[in-house]
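What follows is a single structure, written as C-alpha cells, with notes after it.
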Amino acid sequence: MLHTPPKENEMGKVLVVYYSLTGRTQLMAEYIAEGVRFSEYEATVKRTNEIATAEELNGYDGYLFGSPTYHQDMAGPIKNFLFLAHHADLRGRLAGAFGSYTHSGDAPAMVFDTMRYVFKMRPFHLGAFNLLEAKVGTQEGRRAGHDYGRTFGEELAQPWTEADDEDRESEPPESPSPWALT
Ligand SMILES: Cc1cc2nc3c(=O)[nH]c(=O)nc-3n(C[C@H](O)[C@H](O)[C@H](O)COP(=O)(O)O)c2cc1C
C-alpha cells in the first residue's frame, strides 16, 4: 500500500481513541491531539464507548490508541475495542499507542504490537508512549504529549510505501515463551 500525504488545501486526519478509568490517559489523549494539531493534521478524540462499529474507524490517515496499564495488562475496554478495530481497514496506516502507569506500564507496547503485527499498520518510529501518572498533569507531561503528537503528524506527512518497512511482517517481537514455535 502506498501512503501519500494529503494534497495541498486538504487536511489529513488522525483519530485518537482511548480508555481511561481515572482520567490520566484521557489527559494524555488530549495533549497528544493538541500536538497532532500543531503539525497541521486534524485530530479527533474519542473514548472507546463512543465507537460502536468498525466502519467508524475508516477514513483517517493515522491512529493513536491509548490504554492505562491495569494488572500488567491493557484495560478491558481497549481489548474489546481492538477486536472491533480488527474489522476496520487499518492496514498501512500510521499507528501509535500511549497510556499512563505507575510501575510496570505494559499496556501501550501491547496495543502498539497489536496494531503493528495483527492489523499490519505502519509503526510510528517513536514506538509506544508510556507516561508515569505522577507526570501526566505536569508541564513536562504536557510537553511530552505535545511532542509525541506533533512528531506523529510530521511522520504522517512523509510519503511511505510498505517496502520502507519490510521487516514489519517478517520480524515478530521476541517469543512470549521459550516453547513458542517461531
Ligand atoms: C487495581 C489497579 C491495578 C493497577 N495495575 C498496574 C500495573 O500492573 N502496572 C502499572 O504500571 N500500573 C498499574 N496501575 C496504575 C494505573 O496504571 C495508573 O493509576 C494509571 O495512571 C491509570 O490511568 P487512567 O487514569 O487513565 O485510568 C494499577 C492501578 C490500579 C487501581
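The values are calculated or read from the model by the stated rules, or taken from the named source; none is laboratory data. Keep in mind that this is a model prediction, so the values were computed, not measured. Cβ placement follows ideal geometry from the backbone for every residue including glycine, while neighbour counts extend to all protein chains displayed.
Go through the stretch 75-89 and give me each residue that's in a loop (DSSP other than H, G, I, E, B) and either touching a Lys or Arg at 6+ places or on another chain (Cβ under 7 Å) or not hydrophobic (A, V, I, L, M, F, W, C) (or both).
So in the stretch 75-89, the residues in a loop (DSSP other than H, G, I, E, B) come out as 75, 86-89.
Residues satisfying the conditions are H86, H87, D89.
Residue by residue through the stretch 119-134, note down the ones that are under 23 Å from H71 (Cα atoms) and away from the ligand (no atom under 16 Å from the Cβ).
The first filter runs over the stretch 119-134 and keeps only residues under 23 Å from H71 (Cα atoms), leaving 127-134.
Within the stretch 119-134, G127 is the sole residue that qualifies.
Under 25 Å from H146 (Cβ atoms) and touching a strand residue (DSSP E or B) at 6+ places or on another chain (Cβ under 6 Å), is that true of A75?
Values: under 25 Å from H146 (Cβ atoms): yes; touching a strand residue (DSSP E or B) at 6+ places or on another chain (Cβ under 6 Å): no.
No.
If you take the residues in the stretch 43-55 that are more than 15 Å from the chain's Cα centre (by Cα) and surrounded by 15 or more Cβ atoms within 10 Å (Cβ to Cβ), which one is nearest to the ligand (Cβ to nearest atom)?
I51
Within the stretch 22-42, how many residues are within 15 Å of the ligand (Cβ to nearest atom), in contact with a strand residue (DSSP E or B) (Cβ under 6 Å, 6 or more places away or on another chain) and part of a loop (DSSP other than H, G, I, E, B)?
0
Among helices (runs of 4 or more DSSP H) lying entirely in the stretch 90-182, which contain 2 or more residues that are modelled with pLDDT of 95 or more and within 23 Å of Y19 (Cβ to Cβ)?
Working: elements: 107-113, 133-136, 139-156, 167-170.
Here the list reads 107-113, 133-136, 139-156.
Filter the stretch 5-23 for residues that are more than 22 Å from T53 (Cα to Cα) and among the polar types (S, T, N, Q); which is modelled with the lowest pLDDT?
So, considering only residues that are more than 22 Å from T53 (Cα to Cα) and among the polar types (S, T, N, Q), the one modelled with the lowest pLDDT is N9.
I'm trying to understand the selection: among the residues of the stretch 46-61, which are out of contact with any Phe, Trp or Tyr (no Cβ under 6 Å at 6 or more places or on another chain), assigned to a helix (DSSP H, G or I) and more than 22 Å from E155 (Cα to Cα)?
Pass one, the stretch 46-61, residues out of contact with any Phe, Trp or Tyr (no Cβ under 6 Å at 6 or more places or on another chain): 46-47, 49-61.
Among the residues that remain, those that are also assigned to a helix (DSSP H, G or I) are: 49-50, 54-57.
Correct list: N49, E50, A54, E55, E56.
When you look at R93, is it crowded, with 21+ Cβ neighbours inside 10 Å and either more than 21 Å from F129 (Cα to Cα) or among the basic types (K, R) (or both), yes or no?
Details: crowded, with 21+ Cβ neighbours inside 10 Å: yes; either more than 21 Å from F129 (Cα to Cα) or among the basic types (K, R) (or both): yes.
For R93, the condition - crowded, with 21+ Cβ neighbours inside 10 Å and either more than 21 Å from F129 (Cα to Cα) or among the basic types (K, R) (or both) - is met.
Take L64 and decide whether it is more than 23 Å from L126 (Cα to Cα), within 16 Å of the ligand (Cβ to nearest atom) and not in a helix (DSSP H, G or I).
Working: more than 23 Å from L126 (Cα to Cα): no; within 16 Å of the ligand (Cβ to nearest atom): yes; not in a helix (DSSP H, G or I): yes.
No.
Please indicate, with yes or no, whether at least one residue in the stretch 84-102 is free of Cβ contacts under 8 Å to residues at least 60 places away in the same chain and within 11 Å of the ligand (Cβ to nearest atom).
yes
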